[in-house]
Amino acid sequence: MKILENSAEIDITDIDLSNIGENISNAGKIFDTIVDKIGEYLADAGINLILSIVLLLVGWKLINVLSKKMKEGKLFAKIEPTARSFINSALSITLKILLVITIAAILGVPMTSMIAVLGSCGLAIGLALQGSLSNIAGGFILTVFKPFVVGDFIKSGEFEGTVKSINIFYTKIITPDNKIIVIPNSKVSDSALIDYNAFSTRRVDIDITAAYSENSDVVKKALIDAAMENAKVDKTTEPVAVITSFDDSAVAYQLRLWCKTEDYWDVKFEVTERVKKIFDERDIQIPFPQMDVHITKE
């Protein structure tokens, strides 16, 4: 054919094949080196990952055990109970944050970048969690200034009960019917509250009514006798019976007496019951609500 006739003849002997084997050998070495590097990296990463997981599990468990031991320790027992629960909660959270930072460093996260990221995240989280930060501040105020302590019976807003613990974010109280109420520290520290255990004694006020026909001196003596018969009533401060108002159907009296704070409810219920029995024994009338109706004929 003309094409073949006009094409140049190729001489295979002119091609230099001496370097092909060497080039293939070099490429194989480079590939082996890359594979080895990848294997080493994966091995190191795998070891670090396993180490991080083990450290996380063991460290988290140790922090919880340490927190429990601190609560039961003699040194920690010397701290006031209110501060004890707050400090224990704060230390536990701080140690867990340090554990997470340590694990991140083991995984190769650069500390400079981590600090920068933590700073940015801290600002964003601070703006997003203003309520939580105010709870921390509230817990600090409750711990330092101690408006009440663990074990006190308090009333905060619409809630009342015995203080069980003051943690870093919230305060737990137990109601008289054995329910737990969790109140944010910010609400407790910012609102008015009543501490019923602030003093060792409390005054018990018992309100009762008697008929207008009853002699007031007789009624008062019956009330005082009911108080004096109870062994838990503080006799160093004499009970007082007074008239508080004149209602539509009866005269309103109030018996005022003192007792130890822990005996408040026992005294109130026992004396109230005794008042009813003495009124029955002495024929003192407790009237029902009544109304006089006058009809005029035209």
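The values are calculated or read from the model by the stated rules, or taken from the named source; none is laboratory data. Just so we're clear, the structure is a prediction, and the values are computed from it rather than from any experiment. Because the Cβ atoms are built from the backbone with ideal geometry, glycine has one as well, and the counts that use them run over all protein chains shown.
Looking only at segment 237-252, decide whether some residue is surrounded by 12 or more Cβ atoms within 10 Å (Cβ to Cβ), touching a Cys at 6+ places or on another chain (Cβ under 8 Å), assigned to a strand (DSSP E or B) and in the same structural domain as residue 206 (by TED's automatic domain parsing).
no
So that you can scan it fast, the table gives a plain yes or no per residue for (1) surrounded by fewer than 19 Cβ atoms within 10 Å (Cβ to Cβ); (2) aliphatic (A, V, I, L, M):
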position: 191; (1), (2): yes, no
position: 206; (1), (2): no, yes
position: 220; (1), (2): yes, no
position: 268; (1), (2): yes, no
position: 295; (1), (2): yes, yes
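When you look at residue 115, is it part of a helix (DSSP H, G or I) and modelled with pLDDT of 80 or more, yes or no?
Details: part of a helix (DSSP H, G or I): yes; modelled with pLDDT of 80 or more: no.
Judged against the criteria, residue 115 is not a match.
Identify all residues within segment 182-217 that are closer than 28 Å to residue 277 by Cα and outside any strand (DSSP E or B); write none if there are none. Break it down into steps so the answer makes sense when it comes.
Going residue by residue through segment 182-217, those that are closer than 28 Å to residue 277 by Cα are 201-217.
Residues satisfying the conditions are 211, 212, 213, 214, 215, 216, 217.
Anything in segment 145-181 that is crowded, with 16+ Cβ neighbours inside 10 Å and assigned to a loop (DSSP other than H, G, I, E, B)? List them, or say none.
Residues satisfying the conditions are 148, 149, 150, 152, 167, 168, 169.
Going by what's in this entry, would residue 177 be described as assigned by TED's automatic domain parsing to the domain that holds residue 233, closer than 28 Å to residue 273 by Cβ and free of Cβ contacts under 8 Å to residues at least 60 places away in the same chain? Full working, then the answer.
Numbers: assigned by TED's automatic domain parsing to the domain that holds residue 233: no; closer than 28 Å to residue 273 by Cβ: yes; free of Cβ contacts under 8 Å to residues at least 60 places away in the same chain: yes.
So residue 177 does not fit the description; no.
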